[in-house]
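The structure appears right after this line, and notes come after that.
The values are calculated or read from the model by the stated rules, or taken from the named source; none is laboratory data. If you're wondering where the values come from, they're calculated on a predicted model, not measured in any experiment. Positions of Cβ are backbone-derived with ideal geometry, glycine not excepted, and every protein chain shown enters the neighbour counts. Areas reflect the complete protein model, heavy atoms only, side chains present, ligands, DNA and RNA absent. Shrake-Rupley method; radii C 1.70, N 1.55, O 1.52, S 1.80 Å.
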Amino acid sequence: MLHHDATSASPNTSEEGEDVPLKSTADLLFTERMKIRFSEWRDTIRSNSRVDNNLLGSNKFSTDQFQTVFFKMRPAIMLNGFTSHQLKLIQQVLRKNFRDLMYVCTFGEDDTSEKRVVYTDNSDDSILLMNGVQEDLLRSRKARVESAIGVRHVIDLLASERKLIVGHSCFLDIAQVYSKFIGPLPSSMKEFSMGINKIFPHIADTRHLMSANDVVQYLMRQKSKSLSSAFSFLCPAFHSTAAESSTRAPVRIEVEADETMLSCFASGAKHEAGYDAFMTGSVFAQLCAHLDINFEHLTPKENLARNNKLQKYINHISPSFNSGTVLDLSTGTERPDTGYKSRYPAAVYDNIVLIWGFQSALRANDIKDSICKVFGPASITTIFSIDRTAVLVQFSKQESVNDFLDLKATLEGTDSAISVLHPLSTILQGGKTRAANYDTYRDICSSSVSKYFFADQAEAVCPASNTELKCENLDDGDALGINESVIDETANASAQHGEGTKYTSKNQDNSNISCQDILGVLQDGKTLFGKRIRRT
């Protein structure tokens, strides 16, 4: 369709096109010179019954800009070194003065355009010439498309053969195939499942097979279900002695490769090209054996996807390793995974704080330790590292979110000893640490802005006024960072888990708070900030 639209809209002949106004003397002289040059060349061809290379190649007609050639068995001039404006003037000259000279634009092997003026005997010959040019153009465009196609051929072949597709935690892999070779990802899981099922009706997920089979579940009860872990456990021939492997692996796998590649297979090269697929196939073979599928009894033409022992595991995949559900691709429905054991607590979005912009040397565990020193060891249920510039912290209580944001704003509003010695100082060092609730995280992720690090993404999406809690109308005590409620809460947290903390006063006036009281409250932070104090 694009080809036909282009050929109908773009003038390749001298019969189409709009007149170019001749506004300058240079344009007038150029058009007259072209008219004389083409007239002499055409008259020479007409006056000679035999046109050969010697005639076309004579010095009179061949120059750097006019290269005389043959095109589709017809005399032609190759136009070189002309500007686009000059080429438009040439087309205008041909259209108004020469019915038997055709302007033809074609494309070479390197996709560069080639402009020619071709002599034709009559109108029928002109039509025949242009039809041939358009067919060549369509053929070259099809060849370029075919040469650019790579994995598409593999996808089409697998779909046409209705082969069994095997993957490990392959939901995202299938989603990638869908978006690249089927269409835009649907908005619903059911529509996605039904769409992929039409193309690939038989998909097996080895991770689900490990969860569904009781024997394998028992064998791997203490093992990770990652691909590399499952491969090293179920296929020990590549990691252990032959005697040990014979007791574990029911299917023997042989690799035919040279010495270099064999050492690569023996040592393990996960994520190398093809090696993950090799591991997945090896794990699948062992899992089939645990399902009492004997490959020696299968014929080459037998469809493994139709095997009764494997059938109930086909088209069941987990949307993610932590979803706790199984998606049935044949129906688009999700159900709880009976063999799933949650590694992480359920997400409670109202309890989550987003922190970004802290110093790159900080790890997620360092941030967790700093917060727990203030709010208590059980205050955080989980912490998730987005990248080295941002984390998501889920508190055990919803009120802790506002308490944390308020405390952060208070500490950043003062340069007193508390801001220096406070455990949260570890997170706030550098002065660029930002924090917000989970709604802000959603807004940042849904933005069309795209940055490599999350902190850069966040700064580009939302200004500080949208995310930071401002400390306004603070009294003198707040300005010094010694707000009574903040100190009381910090003291309680320190008393619960700190060693040697003696400060337990609760209803003291700010005027009665001594330096020793402050140091007692912050005793747990002394170790962390000792070096900083000595430098000061």
Exercise for the section: With the full set of protein chains in place, find how many percent of the accessible area of region 324-445 is carbon and sulfur; take the probe as 1.4 Å. Expected result: 48
Problem - Residues of region 122-188: accessible area per residue with a 1.4 Å probe, Å² - result: 65
Exercise for the section: Would you mind computing, in nm to one decimal, how far apart the modelled labels at PHE181 and LEU298 are, each placed 7 Å from Cα along Cα→Cβ? Expected result: 2.0
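So which of LYS163/LYS301; LYS72/LYS115; LYS225/LYS368; LYS373/LYS432 end up more than 23 Å apart by C-alpha?
Values: LYS163/LYS301 11 Å; LYS72/LYS115 14 Å; LYS225/LYS368 27 Å; LYS373/LYS432 21 Å.
Over 23 Å Cα-Cα: LYS225/LYS368.
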Fill in the blank from the handout: Given unit charges at Cβ for Lys, Arg (+) and Asp, Glu (-), the dipole magnitude of region 315-434 about its Cα centre in debye, nearest 20, is 280
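May I ask you to give the solvent-accessible area per residue for region 283-386, in square angstrom, as obtained with a 1.4 angstrom probe?
On the way: 5670 Å² over 104 residues.
On a per-residue basis, region 283-386 sits at 54 Å².
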